[in-house]
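Note sheet for the following structure.
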Amino acid sequence: MKRLYNLYKSITKQDKLLHFVAGCFIYFILSLLFINRYENIDYLILLAVALIAFLKEVVWDGIMKKGTPEALDFFMTTSGGLFLYLFYHIHI
């Protein structure tokens, strides 16, 4: 039983990390496509990442039953986009 629990914990950690990376990837791709064409669109790109994450959880996981809808998955995907948003805007 303990092995199953440890396997579950490792899969969950990996799943959340993948959601974070996916959020970073989505933000990066949308930035490449739109950031030089329009001024002040970066916050809209962040909102697009959140919308994509929300739709993935509601439509793909919830309605289509292709996975398990989880609020933490939405949060981790959006966090990935937020991370890059802040990385671009904090000049150290």
Could you state the principal axis extents of the C-alpha atoms in the stretch 49-92, from the largest down, to the nearest angstrom? 44, 14, 11
Under unit Cβ charges (Lys, Arg +1; Asp, Glu -1), what dipole magnitude, rounded to 20 debye, does the chain have relative to its Cα centre? 500
Which of Leu44, Gln14, Ile29, positive extreme of dipole for the chain (C-beta unit charges): Gln14
Low-density loop trypsin sites (Lys or Arg not before Pro), the chain, at most 12 other Cβ within 10 Å, DSSP non-H/G/I/E/B, are Arg37, Lys65, Lys66
Note the full-extension length gain between Ile63 and Phe34 as 0.36 nm times their separation in residues minus their Cα-Cα distance, in nm to one decimal. 7.4 nm
With the 8 Å Cα cutoff and a minimum separation of six or more residues, the stretch 2-89 has a relative contact order in percent of 42
Which chymotrypsin sites (Phe, Trp or Tyr not before Pro) does the stretch 10-92 hold that lie in a coil by DSSP with at most 15 other beta carbons within 10 Å? Tyr38
Based on the alpha-carbon gyration tensor of the stretch 18-92 and its eigenvalue square roots a ≥ b ≥ c, which shape applies: rounded if a/c is under 1.5, prolate if not and a/b is larger than b/c, or oblate? prolate
Once the dipole of the chain is set up from charges on Cβ (+1 Lys and Arg, -1 Asp and Glu), the residue from the list Ala71, Met1, Val58 lying farthest towards its positive end is Met1
Among the stretch 58-87, those whose backbone N falls under 18 Å of a label point 7 Å along Cα→Cβ from Gln14 are 67-68, 73
Would you list, by chain and number, the lysines whose Cα falls below 21 Å from the Cα of Lys13, excluding same-chain residues fewer than 8 positions away? Lys2, Lys56, Lys66
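The numbers here are math on the coordinates, done by the rules we state, and not lab data. Everything quoted here is computed from the prediction, not taken from an experiment. Every residue, glycine as well, gets a Cβ built from its backbone with ideal geometry; the counts of neighbours run over all protein chains shown.
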